[in-house]
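A short write-up of the structure that comes next.
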Amino acid sequence: MKLIKNAQVFSPTSLGQKDVFIAANKIIAIEDDLSHMNNEFTEVIDAHGQILTPGFVDSLVHITGGGGEGGYATRTPEMKVEEAFIGGVTTVIGALGTDAETRSLENLLAKTYGLEEQGLSVYCYTGSYHYPMVSITQSIKRDIMLIEKFIGVGEVAIADHRSSQMSVAEMARVASEARVAGMLSGKKGIVSVHVGDEVAKLSTLTRVIEQSDIPISQFYPTHINRNKALLTAGFNYAKLGGNLDFTTSTTEQIIEQGETPAAKALALALAEGIDVSQLTMSSDGNASLPTFDEHGLLIELQVGRVSSLHQSMVDAVLLHQVPLALALASITQSPADILSLKHKGRIKVGNDADVNLLDAITLSIKRVIAKGQDVTVNCNL
């Protein structure tokens with residue numbers, strides 16, 4: 001049992017100074033003073049001068065690594081659990097990317113269970129960039145319904161020279177199967193969509209919405225900050241009711257080529273009047289970050305970092321004047337709600353005890369508690 005005292009609690013909305021009591025892996029109580037809960041079996045943590053937040057939810061991580069677009073030698077490494085904890089991330093969603101041949105769903109699922117055993121909360125997507133979709137049971141519908149960890153499909157690629165150039169009808173079929181599977185299994189059945197920098201932008205999704213009964217909330221497009229034209233299209237898409245995800249892993253060269261840093265994109269979206277419940281940031285951790293020239297030839301390749309999620313939240317607050325509660329919501333409450341992770345993303349009685357303690361001034365991470373266990377020692381904080 002743990003009693004955290006004197007913290008400024010952001011749930012992610014501000015609750016003021018509170019004590020928080022944790023037992024096993026749940027939040028048991030949140031009150032002004034819980035001193036009466038202290039006993040010989042309770043660890044007391046004095047969080048004076050610190051902010052208590054939900055553990056961060058990273059909705060797109062390539063936990064098994066990715067295929068490098070520069071050949072076999074550029075394959076990116078698997079994520080280590082410490083890479084999540086050091087950035088305050090206590091929940092991740094794993095996905096395959098460009099390479100679904102040498103990176104398999106079976107390996108993705110095994111890695112998911114392995115990270116769970118190390119204290120992280122992990123879910124994953126069936127499918128990959130390409131159509132027809134890879135699956136374990138020969139059906140994405142059965143994968144979602146029968147395999148607990150699969151909560152949707154992704155990341156399906158559109159508007160990208162590496163994609164399968166899916167038709168509107170094919171995208172509608174994938175979304176329909178994921179949606180029905182989610183309804184039958186009590187999951188969201190979300191379709192995570194990788195959006196590239198080609199001129200088609202989000203048109204495949206908007207045409208599915210126009211031509212079918214699939215609701216716009218079924219899609220979760222990411223990388224919307226990759227260029228200004230896509231960002232503008234994303235704002236218009238959000239005003240139709242859609243959700244947007246901004247990628248926090250980047251490089252100076254990618255920014256020079258037109259990408260808007262995720263923290264700035266979040267600030268611009270909020271200024272456009274888009275509700276934070278529709279806005280998230282994710283790291284794209286352990287993905288390859290390729291830079292291509294105008295002929296589609298690889299110039300440079302780096303690796304995404306899960307820790308960039310926390311840094312982008314800090315940048316949103318300190319550099320772009322985004323209120324802390326809204327910046328936190330974009331990496332806690334919003335992704336948890338969009339993915340229907342009911343016990344994640346909020347400091348709330350009955351929720352999982354995923355908690356970060358941040359310095360009240362710098363927002364640096366001081367302590368990470370995942371499923372009730374102090375994992376700070378794993379972070380070398």
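The numbers here are math on the coordinates, done by the rules we state, and not lab data. Just so you know, these numbers come straight off a predicted model, no measurement behind them. Cβ sites come from the backbone with ideal geometry, for glycine too, and all protein chains shown count toward neighbours.
Tell me, what is the percent relative contact order of region 13-86, built from C-alpha pairs under 8 Å that lie six or more residues apart?
That works out to 15 percent.
Taking the Cα atoms only, what angle lies between the long axis of helix 308-318 and the longest principal axis of the chain, rounded to 10 degrees?
The answer is roughly 70 degrees.
Per 10 Å bin, what is the whole-percent P(r) computed from every C-alpha pair distance within region 112-169?
23, 42, 28, 7, 0
Region 281-358 to region 184-212: how many Å between their Cα centroids?
20
For region 1-148, take the alpha-carbon Rg, divide it by the Kirkwood Rh, and send me Rg/Rh. Before the final figure, lay out each step's value.
Values: Rg = 20.0 Å, Rh = 17.9 Å.
Over the Cα atoms of region 1-148, Rg/Rh equals 1.12.
Once region 34-99 is represented by equal point scatterers at the alpha-carbon sites, with solvent omitted, what log10 I(q)/I(0) does the Debye formula produce at q = 0.16, 0.17, 0.18 Å⁻¹?
-0.71, -0.75, -0.80
What's the extension gain from Leu319 to Lys26 if we count 0.36 nm per residue and subtract their Cα-Cα distance?
102.1 nm
Which residues in region 238-252 place their backbone N less than 17 Å from a point set 7 Å from the Cα of Glu210 along the Cα-to-Cβ direction?
Backbone N within reach: 238-242.
Could you give the spread of the C-alpha atoms of region 311-381 along their three principal axes, from largest to smallest, in whole angstroms?
The Cα atoms of region 311-381 stretch 33, 31, 18 Å along the principal axes, largest first.
For region 69-148, take the convex hull of the Cα atoms, compute a quarter of its surface area, and give me that in nm², please.
Its Cα hull, projected and averaged over all orientations, spans 5.9 nm².
Provide Rg and Dmax in Å for region 122-255, with only Cα atoms included in the calculation.
Just the Cα atoms of region 122-255 yield Rg and Dmax of 14.4, 45 Å.
In region 92-188, what is the volume of the convex hull around the alpha carbon atoms, normalised per residue and reported in Å³?
Taking the convex hull of the Cα positions in region 92-188, it is 92 Å³ per residue.
Cα extents of region 56-338 along the three principal axes, largest first, in whole Å?
If we take the Cα atoms of region 56-338, the spans are 47, 42, 42 Å.
What do you get for the angle between helix 262-271 and the principal long axis of the chain? Use alpha-carbon atoms, 0 to 90 degrees, nearest ten.
Between helix and principal axis, roughly 90 degrees.
Between Tyr72 and Leu297, what length in nm is gained on full extension when 0.36 nm per residue of separation is reduced by their alpha carbon distance?
Working: separation 225, 0.36 × 225 = 81.00 nm, distance 1.60 nm.
Full-extension gain reported as 79.4 nm.
Ranked from highest to lowest mean number of other Cβ atoms within 10 Å per residue, what is the order of the peptides 348-354, 200-206?
For the peptides 348-354, 200-206, the packing ranking is 200-206, 348-354.
Tell me the angle of helix 168-185 to the major Cα principal axis of the chain, expressed in degrees between 0 and 90 and rounded to the nearest ten.
Helix 168-185 and the main axis of the chain meet at about 30 degrees.
By average Cβ neighbour count within 10 Å, what is the ranking of 238-247, 67-76 from highest down? Could the numbers behind the result be given before it?
Numbers: 238-247: 21.7, 67-76: 15.2.
Going from most to least packed, we get 238-247, 67-76.
Using only C-alpha atoms and all pairs of different ones, pull out the Kirkwood radius for region 216-365 in Å with one decimal. All intermediate terms of the calculation are to be shown ahead of the outcome.
Numbers: mean 1/r = 0.0624 Å⁻¹.
Taking the inverse mean of 1/r over all distinct Cα pairs, region 216-365 comes out at 16.0 Å.
Please report how far the C-alpha centroid of region 161-181 lies from that of region 222-273, rounded to the nearest whole angstrom.
Here the two parts' Cα centres lie 23 Å apart.
Give, rounded to the nearest 20 debye, the magnitude of the charge dipole that region 56-338 has about its Cα centre when Lys and Arg contribute +1 at Cβ and Asp and Glu contribute -1 at Cβ. Before the final figure, lay out the partial values.
On the way: 19 positive and 32 negative charges, 128 e Å.
So the magnitude is around 620 debye.
So what is the relative contact order of the chain, in percent, for Cα pairs below 8 Å that sit 6 or more residues apart?
Here the relative contact order equals 21 percent.
Excluding Gly372 itself, calculate the net charge of residues whose Cβ lies under 12 Å from the Cβ of Gly372, where each Lys or Arg counts +1 and each Asp or Glu counts -1.
Cβ neighbours under 12 Å give a net charge of -1.
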